[in-house]
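Before any comments, here is the structure.
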Amino acid sequence: MKVTLDQDKCVASGQCVVAADDVFDQDDDGIAVLLDPAPPSARADDVQQAAAVCPALAIRIQD
Amino acid sequence: MTSTVSTEGAHAPSAPEFPMPRAAGCPFDPPPALKSEQELGSLRKVRLWDGTTPWLVTRYADQRALLADPRISADVTRPGYPSPTPLRGASFSFILMDDPEHARQRRMVTAPFTIKRVEAMRPAVQKIVDGLIDDMLAGPPRADLVQAFALPVPSLVICELLGVPYTDHDFFQENSKTLISRSAAPEQRGAAHANLTGYLDELMGHKIARPADDLLSGLGTRVEAGELSRREAAEMGVLLLLAGHETTANMIALGTLALLEHPDQLALLRGTEDPRAVAGAVEELLRYLNITHGGRRRVALEDIEIGGEVIRAGEGVIVPNDIGNRDPEVFTDPDRLDLGRDARRHVAFGFGVHQCLGQPLARMELQVVYSTLYRRVPTLRLDARLEEVPFKHDGSVYGVYELPVAW
Ligand code: SF4
């Protein structure tokens, strides 16, 4: 799976980090940082969850 | 009104009044009339106190879509904005602004709410929680849980984070109460707002003169740099102080009451040491209780087609997250409190760019509270009949004014 993150949209809720902290992190101001743009398929559920809870719709997933 | 065409109800001159009353004896569920509206359709018309008839959005999917839609505005000063009260005494800070100014101001205060910074505060919060429980247990075996525990926990935490002296808590708790009460007269709310802004403005002066390592000092630096006026900084302070108090305090007290009324669920929480299970329980309580029951308020900037209707530019929109979180299409058997379910997609913190800024902090506080209180006070019980508990029907935050408990 391929993950993209739009940092301009991010509102620093940290929800993606809670869902998958090996794929997402936050900078000092809370803006999300993508750690792994191509996570293994075993991480699919948590990454889907991150995208689903992101209030800013900043996370996109391609299979 | 006929029952054959579902959209007819949406335009009927007899639109139901909003907010609607809850059912007697059913303090945790959204109003039955609100549920009926959801069954009738996703986009409904309701009538407000001033006779205006904004849209009510009842379905979870449409709620999320609208709250994340850039064609919708949170600007309270726009014509058509569905105001919950006459003359809002509320803070005009960034929650009532649109991007880009909203984003600019919000980003000035996001730093202390990152997951890492919040996790670093967990031991300090645990200490606060344990200390308050020690004090409770050292006294007589009964208390008002709101005053003894539910209010002091978030109050101590947010004061520490902002750099507000906790010794002033009587002053700002009194004024916060008035400010968010729907039954207070507009003048009273205006006075409470002026009191709080004046207090924060003075405090801001101290922070600018002698900066410390806290959020208000950080805002003071922005004021000095000319990025923010002192007035705006004070308004932000009011917003954060208010939001940090009322919401979490009500989640603690109302959550405790809900758990005492659902002993099987309380047992699950008492019996686990797994932080994931506790975190899951917190999400379910957030979904189930919905203390922000007045709905998110917006006004359409353009025509928006959604849920089989067209919201016209300038029309008001109300998004009641309580009913969205009980949407049977998203949550199976939604009116059941089930701490074991996956409730993480709830909209208790709202959705879109205005979603609650303090949610990581709120979650952490609730995780510490729910995993500590019932373990350390295993015989905790309600010291009144449910009907005697005074519920906050009139405020913009739902909860209880008092929670008499014994152990
Ligand atoms: S969930 Fe979305 S808004 Fe929140 S930090 Fe992650 S990317 Fe940003």
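The values are calculated or read from the model by the stated rules, or taken from the named source; none is laboratory data. What you see is a predicted model, and the numbers here were worked out from it, not measured in a lab. For neighbour counting, all protein chains shown are included, and Cβ atoms are generated from backbone atoms with ideal geometry for every residue, glycine included.
For A:ILE59, state whether it is near the ligand (Cβ under 10 Å from one of its atoms), within 12 Å of another protein chain (Cβ to nearest Cβ) and β-branched (Val, Ile, Thr). Working first, answer last.
Values: near the ligand (Cβ under 10 Å from one of its atoms): yes; within 12 Å of another protein chain (Cβ to nearest Cβ): no; β-branched (Val, Ile, Thr): yes.
Criteria not met by A:ILE59.
Kindly indicate the residue of segment A:9-23 that is within 6 Å of the ligand (Cβ to nearest atom) and outside any helix (DSSP H, G or I) and also farthest from the other protein chains (Cβ to nearest Cβ) among those meeting that condition.
Among those that are within 6 Å of the ligand (Cβ to nearest atom) and outside any helix (DSSP H, G or I), it is A:CYS10.
Among the candidates B:ALA150, B:ALA243, the residue that is farther than 21 Å from B:ALA111 by Cα, of a type in the set (A, V, I, L, M) and crowded, with 20+ Cβ neighbours inside 10 Å is uniquely B:ALA150. For segment A:48-56, indicate whether the set of residues that are more than 11 Å from chain B (Cβ to nearest Cβ), touching a helix residue (DSSP H, G or I) at 6+ places or on another chain (Cβ under 9 Å) and under 23 Å from B:GLN105 (Cα atoms) is non-empty. There is no residue in segment A:48-56 that is more than 11 Å from chain B (Cβ to nearest Cβ), touching a helix residue (DSSP H, G or I) at 6+ places or on another chain (Cβ under 9 Å) and under 23 Å from B:GLN105 (Cα atoms).
Note on segment A:24-41: among residues that are assigned to a loop (DSSP other than H, G, I, E, B) and near the ligand (Cβ under 7 Å from one of its atoms), the one that is farthest from B:VAL109 (Cα to Cα) is A:ILE31. Residue-level analysis places B:GLU365 outside the set of residues that are at pLDDT below 95 and not in a loop (DSSP other than H, G, I, E, B).
Return the residues of segment A:36-51 that are exposed (fewer than 15 other Cβ atoms within 10 Å of the Cβ) and in contact with a strand residue (DSSP E or B) (Cβ under 9 Å, 6 or more places away or on another chain); say none if nothing qualifies.
Initially, segment A:36-51 is screened for residues exposed (fewer than 15 other Cβ atoms within 10 Å of the Cβ), giving A:36-38, A:40-42, A:44-45.
Within segment A:36-51, A:ASP36, A:PRO37, A:ALA38, A:ALA44 qualify.
Restrict the check to segment B:135-146 and report whether at least one residue is in a loop (DSSP other than H, G, I, E, B), touching a residue at least 12 places away in the same chain (Cβ under 8 Å) and either hydrophobic (A, V, I, L, M, F, W, C) or within 14 Å of chain A (Cβ to nearest Cβ) (or both). Checking segment B:135-146: not a single residue is in a loop (DSSP other than H, G, I, E, B), touching a residue at least 12 places away in the same chain (Cβ under 8 Å) and either hydrophobic (A, V, I, L, M, F, W, C) or within 14 Å of chain A (Cβ to nearest Cβ) (or both). For first residues located in segment A:33-55 and β-branched (Val, Ile, Thr), partners that are assigned to a helix (DSSP H, G or I) and lie 6+ apart or on another chain with Cβ distances below 9 Å form the pairs A:VAL47/A:CYS16; A:VAL47/A:ALA19; A:VAL53/A:GLN15; A:VAL53/A:CYS16; A:VAL53/A:VAL18; A:VAL53/A:ALA19.
B:PRO82: more than 28 Å from B:ARG298 (Cβ to Cβ), assigned to a loop (DSSP other than H, G, I, E, B), away from chain A (no Cβ under 14 Å) and of a type outside the set (Val, Ile, Thr), yes or no?
Details: more than 28 Å from B:ARG298 (Cβ to Cβ): no; assigned to a loop (DSSP other than H, G, I, E, B): yes; away from chain A (no Cβ under 14 Å): yes; of a type outside the set (Val, Ile, Thr): yes.
It is false that B:PRO82 is more than 28 Å from B:ARG298 (Cβ to Cβ), assigned to a loop (DSSP other than H, G, I, E, B), away from chain A (no Cβ under 14 Å) and of a type outside the set (Val, Ile, Thr).
The single residue among B:LEU156, B:LEU67, B:LEU96, B:LEU151 that is among the aliphatic types (A, V, I, L, M), touching a His at 6+ places or on another chain (Cβ under 9 Å) and within 14 Å of chain A (Cβ to nearest Cβ) turns out to be B:LEU67.
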